[in-house]
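Read through the structure below, which is laid out as structure tokens, and then see the notes.
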Amino acid sequence: MIIDCHGHYTTAPRQHEGWRTQQIEAHAAGKPAPPRPMITDDEIRKSITNGQLRLQRERGTDLTIFSPRAAGMDHHLGDATTSEAWASACNQLIYRVCSLFPKNFVGVAMLPQSPHVSPRNCLSEIDRCVNEYGFVGINLNPDPSGGHWQDPPLSDRYWYPVYEKMVEHDIPAMIHMSAACNPAYHTTGSHYLNGDTVGFNQLMTSSVFKDFPTIKFIIPHGGGAVPYHWGRYRGLAQDANLGMLADLMLNNIFFDTCVYHLPGQELLAKVIPADNILFASEMIGAVRGIDPETGHYYDDTKRYISQLPLSAEDKAKIFEGNARRVYGRLSGTIEKRSAAAV
Ligand SMILES: [Zn+2]
């Protein structure tokens, strides 16, 4: 089985994001949000069949761990109330996709975060997504202000209510930014990769893994700058008397393979042990074109991994085994669904 641990519903029916625009406009005008739009099962089916499902089939992958569009989370807009309603709408839609295509998609929750609002505010949505929707993870935005970094770092006890919930439910968090509202950043070109790198570094210099020995985080987009600068982080950990970086991080931190060229994948696989790499493409996402050097889609990452000089056993870990290990509820979900299908 080939499990893609990083996909977003970027092809959701238009009225979904249309409602978000109306909601934020109403909020700015001090008015209540309009009622949520009607979205039919057929509209959802069409958006998936012509989008992510078609690419799964073309590329030969089986299951996508699927979450709401990350750039659309926009935690910096509105307030805690609008974030709650928007996260609820987005997660419900993911639940509907997973119910319509139970063999192909398993859900991950977006959280109702807002700058300066305690992450404690996210706990009931996490409970709902795990208990009622069968989701297996969350996306955690380390900077809900959208590029102004106004909240405490991930090392701070501010975030501990979410960490406690992750451990309670045995769900990992992917550290995932949303859109940048700071014009210094391009959302997918620098803001995302920044967040990946910042998140890793914040956790590295924290006692989070001492306080939560079983907690798991996925650093997306190949880990931002981290694998390329592994020597820098090893040296920083050593200088700060934190010990060996691998001992410090690799029980709890995992990297996905959303790296859009072979040399980058080679580096990732050379620096990071196969046990800590999870296959992912983030399709349909940030980079949608075809690489003229290869004639293939940049985000068809399965092709790169197939070319890596790794053993079949290591590739099986990257494609399937590690996802089942990191997403502790995943295997149970897959089994339950195949039993229901029979
Ligand atoms: Zn993403």
Quiz item: If only Cα atoms are counted, what is the Rg of segment 104-230, and what is its Dmax, in Å?
Solution: 14.1, 41
Quiz item: Pick from Thr40, Thr257, Thr49: which residue has the top mean-square fluctuation in a GNM of the chain where Cα pairs under 10 Å get a spring?
Solution: Thr40
Quiz item: Rounded, prolate or oblate: which fits segment 206-264 when a ≥ b ≥ c are the square roots of the eigenvalues of the alpha-carbon gyration tensor, with rounded for a/c under 1.5 and prolate only if a/b beats b/c?
Solution: oblate
Quiz item: Debye sum, Cα scatterers, the chain, no solvent: what log₁₀ I/I(0) at q = 0.07, 0.09, 0.12 1/Å?
Solution: -0.27, -0.45, -0.83
Exercise. Can you give me the P(r) profile for segment 147-187? Cα pairs, bins 5 angstrom wide beginning at 0, each as a whole percent.
Key: 5, 19, 20, 22, 15, 12, 6, 1
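Would you mind computing the Rg to Rh ratio of segment 1-56 from its alpha-carbon coordinates, Kirkwood style for Rh? Intermediate results must be reported in sequence, preceding the final value.
On the way: Rg = 15.1 Å, Rh = 13.3 Å.
Radius of gyration relative to Kirkwood radius: 1.14.
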Self-check item: Fraction in percent of alpha-carbon pairs per bin - 10 Å, segment 261-309
Solution: 24, 56, 20, 1
Quiz item: What ³J(HN,Hα) values, in whole Hz, does the Karplus curve 6.51 cos²θ - 1.76 cosθ + 1.60 give for segment 287-292 when θ = phi - 60°, with x put for Gly and Pro?
Solution: 10, 10, x, 9, 6, x
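Could you give the DSSP H helices of the chain that reach 27 angstrom or more along their long axis (alpha carbon positions) and whose average Kyte-Doolittle hydropathy is no lower than 0.0?
Values: long enough: 80-100 (30 Å, 0.36).
What comes out of the filter, once short or polar helices are dropped, is 80-100.
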Exercise. Hey, can you grab everything whose amide H is under 5 Å from the amide H of Gly107? Only 5+ residues off in sequence or another chain; H modelled, so Pro and N-termini drop out.
Key: Phe66, Val136
Self-check item: segment 1-133 - convex hull of the alpha-carbon atoms, volume per residue in Å³
Solution: 104 Å³
Quiz item: What's the percent breakdown of Cα-Cα distances in segment 199-317 across 10 Å bins, shortest bin first?
Solution: 13, 42, 31, 13, 2
Exercise. Report, ordered by chain and residue number, the lysines lying within cross-link reach of Lys210, taken as a straight Cα distance under 24 Å and ignoring same-chain residues fewer than 8 apart.
Key: Lys165
Quiz item: How large is the helix-only mean residue ellipticity at 222 nm for the chain, computed as the sum of -39500 (n - 2.57) over DSSP H runs with n ≥ 4, divided by its residue count, in deg cm²/dmol to the nearest 500?
Solution: -12000 deg cm²/dmol
Quiz item: segment 288-339: percent of C-alpha pairs farther apart than 19 Å?
Solution: 49 percent
Self-check item: Cβ-based net charge around Cys181, under 13 Å, with every Lys or Arg adding one and every Asp or Glu removing one
Solution: -2
Quiz item: If we count GluC sites (Glu not before Pro) as exposed when they sit in a DSSP loop and have at most 14 other beta carbons within 10 Å, what is the longest stretch of the chain that avoids them all?
Solution: 133-292
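Where a number appears in this text, it was derived from the coordinates with a stated rule and is not lab data. Every value quoted in this text rests on a predicted model; they were computed, and no experiment measured them. Cβ: placed from backbone, ideal geometry, glycine included. Neighbour counts: every protein chain shown.
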